[in-house]
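Bear in mind that the values in this text are calculations on the coordinates, not laboratory data. Please read these numbers as outputs of a predicted model, since none were measured by experiment. Note: ideal-geometry Cβ built from the backbone for every residue, glycine included; neighbour counts use all protein chains shown.
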Amino acid sequence: MAGDDVAAAGSVAALVGPGTVEVQRYPLPEPGPGEALLEVLQANVCGSDVGIYHHRNPVLRDVVLGHEFVARVGVLGAGLTHDSAGTPVSVGDRVVVVYFRVCGHCRPCGRGEFNMCVNWADTMAAPPTRAPHFHGGFASHYHLAAGRHFYVVPDVLDDAEVAGANCGLAQMLFTVERIGVRRGQTVVVQGCGGLGLYACAVAARSGARVIAVERDPARIAAALRFGATEVVDMATDPTPAGRQDRIGRLTDGDGADLVVEVTGRPDAFAEAVAFVRTGGAIASVGNLNVGPGSALSIAPALFTRKNLTVRGFLRYDPWYLRRALDFLVDTRDLHPYGAMSDRVYSLDEIGAAVARTETGGVLRAAVVP
């Protein structure tokens, strides 16, 4: 085992019930072969963390919260010498981790559907009482299990820029590439929180024209900084019919080639169907944490008559995280990735950080243990 000794104990933000978090202390594990003990530098409150916090996620209940983070290698277990791209790794290096597991052996993995690995939640779903305890990003440390995908962070990127790479940015790179965005197409992004801003940046980099749909003035301003060229302001166009008319005028009556829905609201999906052109596509990414009581009535004939492609996207193939790092390096001078949060929260302020995110008060609340 390489590296200096670390503290004997660390802290985790443990979800112990809907909307109830306790900061718990546990002894730090000694990494086994192929494992590592990481020191969390910054974690972000992702939109899915809000759903988990309220027990809306059917799999993740009383867990260590947080999954979008950047960390520093504290201790390396025997045999762990390179990251998942073959880059040498040493104690003190900063890394980002694919937050879910890809086992490589289940039926989805055998079909090449690595983002749908049936064992994805093996550590994420573990209660904090189960050793090695440090299963999430809202913690002082993170236990990297053997075989997990992780990548060394380039020195040019700072913590705030890279903290969102392993969820929001990698997810949108996977989504936009799989749906097949091409230069000259029009992409509508519904909702401009962190995920929506990454969608704007990725779509714009693909050569698409990006139209953002948002209500909050700060998020509208951010969307324009992240690649959107036009905005449908929901305050100016407060009705679905008005917004549909606005999209129609912006696209010469045709509609969008692709609508990316990242709001998590069922009624936004209904508007996506109205926004998209005949023969276009809808990527649904934001409804992961909509509760079972949140439903939408919609006529299937709308999909048939418009000849639509509708795809849901959950997680990503693990190597997209390496692509996310390259994307950040290439575009860091174009977009203010490091300015998504206006302050940082400690582990005992997780409730406040989640509430700020839930109300739209910040693009990505930052947690610094």
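Of note:
- Stretched out straight at 0.36 nm per residue, the stretch from Ala235 to Asn119 would grow longer than its current Cα-Cα span by 37.5 nm.
- From helices alone, the chain scores -7000 deg cm²/dmol at 222 nm; the rule is -39500 (n - 2.57) for each run of n ≥ 4 DSSP H residues, then divide by the residue total.
- Ordered from longest to shortest, the equivalent ellipsoid semi-axes for the chain are 36, 21, 20 Å, each the square root of 5 times a Cα gyration tensor eigenvalue.
- Semi-axis lengths, largest first, of the ellipsoid equivalent to the stretch 76-160 are 22, 18, 13 Å, with √(5λ) applied to each eigenvalue of the Cα gyration tensor.
- Distance between modelled label sites at Ala339 and Arg72, nm, 7 Å Cα→Cβ extension: 2.7
- Taking the Cα centre of the stretch 122-216 as origin and assigning +1 to Lys and Arg Cβ atoms and -1 to Asp and Glu Cβ atoms, the resulting dipole is close to 460 debye.
- Fraction of beta bridges assigned by DSSP in the chain that are antiparallel (%, nearest 5): 55
- C-alpha center-to-center spacing [the stretch 135-207, the stretch 45-120] in angstrom: 14
- Taking packing as the residue-averaged number of other Cβ atoms within 10 angstrom, the listed peptides 204-213, 21-30, 271-280, 186-195 run from highest to lowest as 186-195, 204-213, 271-280, 21-30.
- Remark on the stretch 168-312: hydrodynamic radius 14.8 angstrom, per the Kirkwood mean of 1/r across alpha carbon pairs.
- Counting every other Cβ atom within 10 Å of each residue's Cβ, Thr229, Thr357 order from fewest to most as Thr229, Thr357.
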